[in-house]
Structures are given as C-alpha cells and as structure tokens.
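Student: One structure, as structure tokens, below. Some questions next.
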Amino acid sequence: MSAIIILLFASISVAALFLAAFLWSVKSGQYDDEMSPPIRMLFDHKPAETKEETNI
Amino acid sequence: MQVEKFYYDNKIVKAFAYATMIFGIVGMLVGLLVAIQFYLPAATFNFAPTTFGRLRPLHTNAVIFAFVGNCMFMGIYYSLQRLTKARMFSDTLSWIHFWGWQAIIASAAITLLLGYTTGKEYAELEWPIDIAITLIWVVFGINMFGTILKRRERHLYVAIWFYIATWVTVAMLHIVNSIEIPVTLFKSYSWYAGVQDALVQWWYGHNAVAFFLTTPILGIMYYFLPKAANRPVYSYRLSIIHFWALIFLYIWAGPHHLLYTSLPDWAQSLGSVFSIMLIFPSWGGMLNGLFTLRGAWDKVREEPVLKFFVVAVTCYGMSTLEGPLLSIKSINAISHFTDWTIAHVHIGAMGWNGFMAFGLIYFLVPKMWNTSLYSKKLATNHFWLGTIGIVIYAIPMYWAGFTQAQMWKTFTEEGTLKFQFLETVTHIIPMYVTRSIGGVLYLVGALMMVYNVIRTIAKGSFIANEAAEAAPLVKNENHGREYWHRVIERKPLMMLVVSLILVAIGGLLELIPTFLVKENIPTITQVKPYTPLELQGRDIYVREGCYTCHSQMVRPFRDEVARYGEYSKAGEFVYDHPFQWGSKRTGPDLAREGVGRLKKTDSWHYNHFLDPRLMSPGSIMPSYVFLLENTLDTSSTAAKISAMRTIGVPYPEGYEQIANKELMTQANGIRIGLKMDKIETPAIAEVVALIAYLQRLGKDISTVPKEPTASK
C-alpha cells in the first residue's frame, strides 16, 4: 500500500499548486469585478470599420 | 491608448475540428462493432486484431483521446485566443501539437490492434507512446501558458482556469500512472503491483474522467454556451467557487472504482465520501449552465446548438449525481461488474461529451466559414436522433445490469445458487441487441452532422486569420504593492507550474526506490512468483485483453463466495505487474479458476479456446484459434524475469539462465496431458502458456488441493 505515499505526494503537490494559484488570483484582483467578465466575453473584438470606438 | 491589431488563428481550430469529426465517427464505428460482438461472436472474423479484448481499448482510446481530445483542443484553441485577446503564443507549437497528437492516435490504433498493451484501462498505450504523449502535452502547455502570459485581457475568465487545471493535472496523472519498466520496445511492466497498482490506476482512471472529460469541457461550456445564447453566465461567483471545489475534491474519488475489493477499507471509504461531496460542485456547473438560459429558452427552441448544449449539461448533471450514488457501497455492491456501469459511462460520454462536441461543431463551423449552417432542420433531426439513441442505449443497459446482478445473487430454497453464470449472460442478450440499435441511431446522427458540415463549408469562405483589435495590457498597473511582489506576479503561473513539477519529479525519484523496490516481502507466505511459463501466459492474458470481460476479484459476498470460492485477499496480488482485477464481468470471475469446483482440465481449456461454444453452449466469447496455432515466443523470457526482479519480484539471482528450461518442462507436462486427451500440439503453442497461467489462479492460497472436475 505504499503507493499511497506517491499518490498523496502528487495529489497534495497539485492541490498546493492550485491553492497557491487561488491565493494569487484573489490577491491580484482577479475577482474584484464579477460583473464585467461574463458580459465582456460576449463581444467579438472585430476591428472597427470607421473611427468609432469599440465597445468596452 | 493605442489599440493593437492582431489575428486569431482559425486554421488550427479547423484542423482540430476535422480530426474531431473523423475520429468521432471512427470511435463510434468501433463501438458499434464491439456492441454487435456481444450477440454475434462470429463478428470477430477469426482474426486476432478484431477480438473484443483488442477492440475495446481501441474504442475507448479513440473516443476519449482522439474524439474528446481533439474536441477539447478545438474548443480551447478557439476560446483561449478570444478570451485572452491574443493569438496563440506560437503557430509552430500549434502545429507540432496537432500533428503530434494525430501521430499518437495513429500509433495507438496500430499498437492496440497488435496487442501491445499495458493492460491498464485508459492507459493501455505502451511506453514509447507514453513518452510521446508527455512531450506533446508539454508542447501544448507551453503554447497555452505562453498565450496566457501575452494576453491583452488581464482578467482570466473562468474557462481559462478550467484549462489550466486540466493541463496541470493530466500531466501529473499521466506521469505517475505510466511509471513502468520497459522489457522490449513495445512491452513494459507496471512499476506498481496488485493493490498498489489498482489504487494508482484508478486514481488515474477516475481523474482522466475528471480532468480530461470534464474540466476542459466545462471550460468550453462556460465560453460557448453564453456565446451561443448571447447571455452572460448566470452566476460568475458560482463558477469560481464550483471550479475550486471541483478540482480539490475530484482527485480523491478514485477508490470508488474499487469498492468491496482487496483495497483497504479506509481507502474505499475516502473514495466514497469524496465522491458524494462531489455532487455539489458538479451540480454547480450544471445549474450555472442551465440558468444562463433564463429568458433565452425561446432561443433554445430555434437553435440546434443550444439544444445540444442543454441536453449535454443535463446529462452532465445526471452523470454527476449517478456517479456519486454508485460510489455508495451498498449500491456499488449491485452495480459493480455489471452493465449499469456501462450505462453510466455512456450517458456521460454520449450525452455530455458527445453533445457538447456536436454543439461546438455546429457553432464553430458557420462562424469560421463566415456563413450560416447549411440546414438547421437536419441539425435538429440529428439532435432528436442522438437523444433517442442515448435513451435506447442506456435503458437496456440499466435493465441488463440490474437483472444480471439480481440473478447472480439469487439462491434457491436449498441454499444453492439458482443461476449458472452463462444463464445470466444469455438472459440479457436482447438488451445487448437493443443497446446496439441505440448506438446506430447516435452514429447516424453524427454522420448527418458530417454531411451538414460539408455542405456548410462548401457554401462558405474560410477565415484563416480572423482580425481583432484590443489594447495591450497596461504594464505599469500598480495595486499598491511593493516592488518585489511585482516580479513574482509577472511570472506566477510559469514559476508555480515549473517549480511544482520539478519538486514532484524529484520527490518521485526519491520515493520510488525507497518504498517500492524494497516492497518484496509477501504478506501471505504461500504466495509465490509466477513460473516462467505462467508469466508468459499472463502476458498473453494481458495482450488479448482478457480483463475486459473477466474479473479477478472475488468480493466478500455470500453469492460470490458460493460461486467462485474464497474471497480475494490483498496479499495474493503482490507479484501482479500489472494488476488484472478487471471492471466488468461479461464472463465469470477467474480468480479461483485453478482450484476447487471451478478447476477444469487442461483439455477443457484448450477446447474452450478453440471454440467456447463447444464447452459452454450459448457463450458469447470469441474463438481464439490463433492461440492454438501461434508458437510461444520464449526469447523474451530472460528479459522478463530480469525486469520483474528489478521491480521487486523475488526471482533468485541467475534464474534467467534456467528459466526457459523450466518453462519447457512445465509446458511439455501440459502437452503430454493434452495428448492423452487426443489433443496434439506441434510445438509449445501460446495456449499452453495461457492454460498454465489460468491453472495457477487461486492455487497459492487454497489450503486443500481439490480433485479436478471434468467440466462446470
């Protein structure tokens, strides 16, 4: 059953990696704005034909 | 600030889309063939590569890695560029990734049909291909992370998190489960043995479901469903929360594939508990997807794409409720080894993965060819045909699963088993027939899609590079932190991934020799290594994929002990590289095949391989005439013994020198016995080795040697 050591090590490493990534994402402000990302992804960013501004 | 003009690469998406469709059809065709073999064993064509044991891994690898794999890359390459507002990091890497992946698939098809297999489910590909997979996965990772790092949109939309988690975890799973010692160019032995191998295999296997079939497709769902409905995700907060919960919990669910086996109880319980907890994050995803369509249900009525997505997400919800429930021991006691598992798998595979793929293709093709879909009506008909196909597939399999499990467990009033194993198989043949009809409907639907796509492409004009513009990231953005933080912040992903991978590899290199090579003290003293002939026979068992129909794990249930004998103990499997417990009983369990009331003569086995119906009328097992005709290749014996010793099997030093001599002696003993039963074997046929292996099963721990019985 000592294979469990490897599995625990691998799983906890990956979990620690994800925990660190989560902490980074919160600290760097990824979740400060929960309103605009779901709306912003709906737009395509086609280049404007005229000189008018593209939305958002 | 200046907006930058750039182009999204659609050519790579087109390539992956074509591959998805081609391998989808191929994978489904193989699936249909094996489904037919359940009631028409003659559909094996007396040809080794088309026996079920070799075709089943071809089907699973094709649909998982070729179909869903290419589909995932299609969706990721399209959505990642648009979410990061950047072209892929490197076009060269994109194409290396694409062609590398297809080369892997081609080599998989050839090797699996030739019988080059590790004998571990969804990890059958042998070691050279494992290395290729690792290299291509790294190429994919560099391309993906490179794109993320050169993004023009600072916020990482939730889909990107799913893609990152997929990449990291699949890398870890593949490497850990593929640790094997090569013996020849296309043969290796799992480093792990028995119970340990089982645990690592299903830690991998379930997480292949989680991080190959689920997380990337959830990411894809989070991009394409809102896009197709032109509605924002119902709750962005929910998507974040369920993402983190999902990836934390999923890793622990693996042992639910091993309930009531020789795996220690505490590990089984862990698997069950985490599997139940997994309902919540999984349903978070389903509800989020479905609620996104609030106020847009009229669009679902019009758009085939949305129809496919709705059924896909619903099937995802059903599977992720059923799966955890199947992880409850009392339910698993009924479902394990039956067609219930197959029903569960295919709702997820055909419903979630298949329908997401179809919806994706119907969405992407018109977009990339700058036209409308050739026929919405045809696509809608595909939708209905596919949905009905899923239902006609699943319901017979549920019926077959319940029925067979109940029949296995039925005792007469006198306290004996009421049904022979074979009776439980012939009883459910009508279910197998019906199931294949469901599969045909599903396949026909997919072919309708291919036709629709071809006509759409014909009337459109492909946009190879799609123009876009966006402002670059403001590099000097200051969140009010100190300078040294910002250096780390600029490269957090790369740093974390690389350092953790290095640490994990380093850790593994230290742990493996320490814990595994020394692990050669048998827990049961009577359990001894296989003889050279039995080892060769076992390798034939693995090669032919016998484990895809036969289990070797007697569970501690009254009916199993009555039918098969003593229930299986962990210590019996210490020399099994790889373990062969199996996941399905299309045929009976073989763990006690060499002892007690199950023991049959060598000639019984010979005739059974010649034509199973000779010894078991009504059997659906294919004929294995080629095993009787092929001569055993004994040139590999020494290398195999040596490799086994390296991974901890206590063959004496120098045993390689005499191994083949012992092999001959044992084989000739069997041949003489066969000759007395009027069976001539011109040389040591492969079947002799396989018979030797089967006659060894269960022998070590049987206390009283029983008289061999003529037949069952």
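The values are calculated or read from the model by the stated rules, or taken from the named source; none is laboratory data. What you see is a predicted model, and the numbers here were worked out from it, not measured in a lab. Reconstructed Cβ throughout: ideal geometry from the backbone, glycine too, with neighbour counts over all protein chains shown.
Student: Starting from residues that are within 17 Å of B:LYS699 (Cα to Cα) and touching a Leu at 6+ places or on another chain (Cβ under 6 Å), keep the ones in the stretch B:536-561 and report whichever is surrounded by the most Cβ atoms within 10 Å (Cβ to Cβ).
Tutor: If we filter the stretch B:536-561 for residues that are within 17 Å of B:LYS699 (Cα to Cα), which is where we start, we get B:537-538, B:551-554, B:561.
This time we only want the ones that are touching a Leu at 6+ places or on another chain (Cβ under 6 Å), so: B:537, B:552.
Numbers: B:GLY537: 25, B:GLN552: 23.
Checking each candidate, the answer is B:GLY537.
Student: Additional query: When the stretch B:1-30 is examined, which residues are found to be buried (at least 18 other Cβ atoms within 10 Å of the Cβ) and within 14 Å of chain A (Cβ to nearest Cβ)?
Tutor: The answer is B:PHE6, B:TYR8, B:ASN10.
Student: Take the residues in the stretch B:375-387 that are of a type in the set (Gly, Ala, Ser) and in a helix (DSSP H, G or I); name whichever of them is surrounded by the most Cβ atoms within 10 Å (Cβ to Cβ). So that I can check it myself, show each step before the final result.
Tutor: Residues of the stretch B:375-387 that are of a type in the set (Gly, Ala, Ser), as a first pass: B:375, B:379, B:386.
With the extra rule that they be in a helix (DSSP H, G or I), the set shrinks to B:379, B:386.
Numbers: B:ALA379: 25, B:GLY386: 27.
My answer is B:GLY386.
Student: Against the definition (part of a strand (DSSP E or B) and touching a Ser or Thr at 6+ places or on another chain (Cβ under 8 Å)), how does B:SER262 come out, yes or no?
Tutor: No.
Student: Would you check which residues across the stretch B:388-419 are assigned to a loop (DSSP other than H, G, I, E, B) and either crowded, with 17+ Cβ neighbours inside 10 Å or touching a helix residue (DSSP H, G or I) at 6+ places or on another chain (Cβ under 9 Å) (or both) and list them? Even if it seems obvious, please write down each step before you answer.
Tutor: Taking the stretch B:388-419 as the starting set, the residues that turn out to be assigned to a loop (DSSP other than H, G, I, E, B) are B:409-410, B:412-416, B:418-419.
The answer is B:LYS409, B:THR410, B:GLY415, B:THR416, B:LYS418, B:PHE419.
Student: May I ask you to verify whether B:LEU590 is of a type in the set (A, V, I, L, M) and touching a residue at least 60 places away in the same chain (Cβ under 8 Å)?
Tutor: Details: of a type in the set (A, V, I, L, M): yes; touching a residue at least 60 places away in the same chain (Cβ under 8 Å): yes.
Yes: the conditions hold for B:LEU590.
Student: Quick one: which residue in B:ALA446, B:ALA468, B:ALA504 is at pLDDT 90 or above, surrounded by 15 or more Cβ atoms within 10 Å (Cβ to Cβ) and farther than 25 Å from B:THR380 by Cβ?
Tutor: B:ALA468
Student: Could you figure out which of (1) farther than 21 Å from B:TYR122 by Cα; (2) within 11 Å of chain A (Cβ to nearest Cβ); (3) of a type outside the set (S, T, N, Q); (4) touching a helix residue (DSSP H, G or I) at 6+ places or on another chain (Cβ under 6 Å) isn't true of B:GLY219?
Tutor: Result: B:GLY219 fails condition (2) only.
Student: Collect the residues in the stretch B:258-270 that are among the small types (Gly, Ala, Ser) and modelled with pLDDT under 90, keeping them in residue-number order. Give the derivation first.
Tutor: Narrowing the stretch B:258-270 to residues among the small types (Gly, Ala, Ser): B:262, B:267, B:269.
Hit for the stretch B:258-270 is B:ALA267, nothing else.
Student: Quick one: how many residues across the stretch B:647-680 are among the hydroxyl-bearing types (Ser, Thr, Tyr) and over 38 Å from the mean Cα position of the chain (by Cα)?
Tutor: Filtering the stretch B:647-680 for residues among the hydroxyl-bearing types (Ser, Thr, Tyr) gives B:651, B:655, B:665.
Now narrow it down to the ones that are over 38 Å from the mean Cα position of the chain (by Cα): B:665.
Final tally of qualifying residues: 1.
Student: For B:ALA62, are the conditions met, namely being surrounded by 24 or more Cβ atoms within 10 Å (Cβ to Cβ), touching a helix residue (DSSP H, G or I) at 6+ places or on another chain (Cβ under 9 Å), within 21 Å of B:ILE133 (Cβ to Cβ) and of a type in the set (Gly, Ala, Ser)?
Tutor: Values: surrounded by 24 or more Cβ atoms within 10 Å (Cβ to Cβ): yes; touching a helix residue (DSSP H, G or I) at 6+ places or on another chain (Cβ under 9 Å): yes; within 21 Å of B:ILE133 (Cβ to Cβ): yes; of a type in the set (Gly, Ala, Ser): yes.
For B:ALA62, the condition - surrounded by 24 or more Cβ atoms within 10 Å (Cβ to Cβ), touching a helix residue (DSSP H, G or I) at 6+ places or on another chain (Cβ under 9 Å), within 21 Å of B:ILE133 (Cβ to Cβ) and of a type in the set (Gly, Ala, Ser) - is met.
Student: Restricting attention to the stretch A:5-20, which residues are over 17 Å from B:ILE247 (Cβ atoms) and either surrounded by fewer than 18 Cβ atoms within 10 Å (Cβ to Cβ) or more than 7 Å from chain B (Cβ to nearest Cβ) (or both)? Give the steps one after another, and end with the answer.
Tutor: If we filter the stretch A:5-20 for residues that are over 17 Å from B:ILE247 (Cβ atoms), which is where we start, we get A:5-6, A:9.
Result: A:ILE5, A:PHE9.
Student: A further question on this structure: State whether the residues of the stretch B:163-174 include one that is under 28 Å from B:LYS569 (Cβ atoms), in contact (Cβ under 8 Å) with a residue 24 or more places away in the chain and facing another protein chain (nearest Cβ under 7 Å).
Tutor: No, every residue in the stretch B:163-174 fails to be under 28 Å from B:LYS569 (Cβ atoms), in contact (Cβ under 8 Å) with a residue 24 or more places away in the chain and facing another protein chain (nearest Cβ under 7 Å).
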